[in-house]
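This report concerns only the one structure given below.
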Amino acid sequence: MKLVKIIQSNRRIVVGTHFDPDGDAICSSLAIARFVRLHTSRSPVLFCFSPIPGRYGFLLRGRRFTSRLP
C-alpha cells in the first residue's frame, strides 16, 4: 500500500486537526493515528493549535493532543 510506504519512510508522523475541532475532526485524527500505529511501528503525535473541547473528552480514551509541534 502506497500510504503505508510513505508513512514508513518518515521518521516522525504528526496527525493534525483544525482549530476548535468538532467530534468529526477529533475522531478522524484518532482514526488516522490508529491506522499509523497498526500498519507501522510509528507512534504519531496528535496535534491541534487549540484545546480539545471538554465535551469531546470521552472520545480521547487517554490519548492527548498537543499544541506544540515536536
Could you check the stretch 14-45 and list, in sequence order, the residues that are of a type outside the set (Gly, Ala, Ser) and under 15 Å from SER67 (Cα atoms)?
VAL14, VAL15, THR17, HIS18, PHE19, ASP20, PRO21, ILE26, PRO44, VAL45
Can you list residue pairs whose Cβ atoms sit under 6 Å apart, with the first residue in the stretch 31-47 being closer than 13 Å to ILE6 by Cα and the second being in a loop (DSSP other than H, G, I, E, B) and open to solvent by less than 90 Å² (accessible area, probe 1.4 Å)? Count only pairs 6 or more apart in sequence or on different chains.
VAL36/ILE13; VAL36/ARG42; VAL36/PRO44; ARG42/ILE13
Filtering the stretch 12-21 down to residues that are open to solvent by less than 60 Å² (accessible area, probe 1.4 Å) and in a strand (DSSP E or B) yields VAL15, GLY16
Of residues in the stretch 22-70 being of a type in the set (Lys, Arg) and part of a loop (DSSP other than H, G, I, E, B), the one least open to solvent (accessible area, probe 1.4 Å)
ARG42
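The values are calculated or read from the model by the stated rules, or taken from the named source; none is laboratory data. Note that the coordinates shown come from a computational prediction; the quantities given were computed from them, not determined experimentally. Here Cβ is always computed from backbone atoms with ideal geometry, including for glycine, and neighbour counts include all displayed protein chains. Calculation scope for accessible area: heavy atoms of the full protein, side chains included, ligands and nucleic acids excluded. Shrake-Rupley method; radii C 1.70, N 1.55, O 1.52, S 1.80 Å.
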